[in-house]
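The values are calculated or read from the model by the stated rules, or taken from the named source; none is laboratory data. Everything numeric here is computed off the predicted structure, so don't read it as measured data. Neighbour counts run over all protein chains shown; Cβ positions are idealised from the backbone, glycine included.
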Amino acid sequence: MARPDRVGVRDTGMRDKILDACAHIMLTEGYAAATSRRVAEQAGVQRALVYYYFPTMGELYLAVLHRGTEASLEAQRAALTAEKPLHALWDMTVDPRGVGLLTEFMALGNHREEIRAELAAGAEKFREAQVAALTFILRGERGERGDAALPPDVVSVLIAAVGRLIVLESAMGITTGHANTMELVRELLDDHELPRVESNAEV
């Protein structure tokens, strides 16, 4: 196996490969299966190389979590600038891939304080950015049903809570009420989406 040229110089591609392997194992087999040996097997590298890039498994877990948080923030920025930002945000929330990995990290956080702290910090950063965008999207609007504008922080929590519950229940084979709930959510989102601005609108 070829080694990096010198200590301190690390191949970003190899680092990402190890991170990908760890995330894949956590998502498909659970966090307890993500050992250094199993990660090395999944990445197709020697176990020593895992420790070269990540001296402890705690550092590897944190790196996977941090990368996931940054990816989620970027995905959220894209969703909130979409033509229908509320729908895009909802679709992102009910993506089982993101919820599945988050669930594993929450379980791991019960045993590792540093993971729990990183989860909390990332979640607060994610929520703050989301609420700021929702404040603009929902400003002074009333839905077609005549309901008053919803508080942005409440909308953020409701989307997260309902969306994640649907994903978690679906993973266990529980689907009763999901179709009607999804339909109602989309109707509510339709009511509160920003009106579309036509490019040829008069100024």
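Structure notes:
- Criterion (modelled with pLDDT of 90 or more and either within 16 Å of the chain's Cα centre (by Cα) or farther than 30 Å from residue 66 by Cα (or both)) met by exactly one of 193, 144, 113, 187: 187
- Residue within the range 104-112 that is surrounded by fewer than 15 Cβ atoms within 10 Å (Cβ to Cβ), basic (Lys, Arg) and outside any helix (DSSP H, G or I) present: no
- Residue in the range 62-76 that is aliphatic (A, V, I, L, M), without any contact (Cβ under 8 Å) to a residue 40 or more places away in the chain, under 30 Å from residue 172 (Cα atoms) and part of a helix (DSSP H, G or I) present: yes
- Being farther than 30 Å from residue 57 by Cα, in contact (Cβ under 8 Å) with a residue 60 or more places away in the chain and of a type in the set (Gly, Ala, Ser) holds for only one residue in 177, 163, and it is 163.
- Residue list for the range 40-53, restricted to those being more than 17 Å from residue 24 (Cα to Cα) and either outside any helix (DSSP H, G or I) or polar (S, T, N, Q) (or both): 46
- Residue 198 within 17 Å of residue 138 (Cβ to Cβ) and either modelled with pLDDT under 90 or in contact with a Lys or Arg (Cβ under 8 Å, 6 or more places away or on another chain) (or both): no
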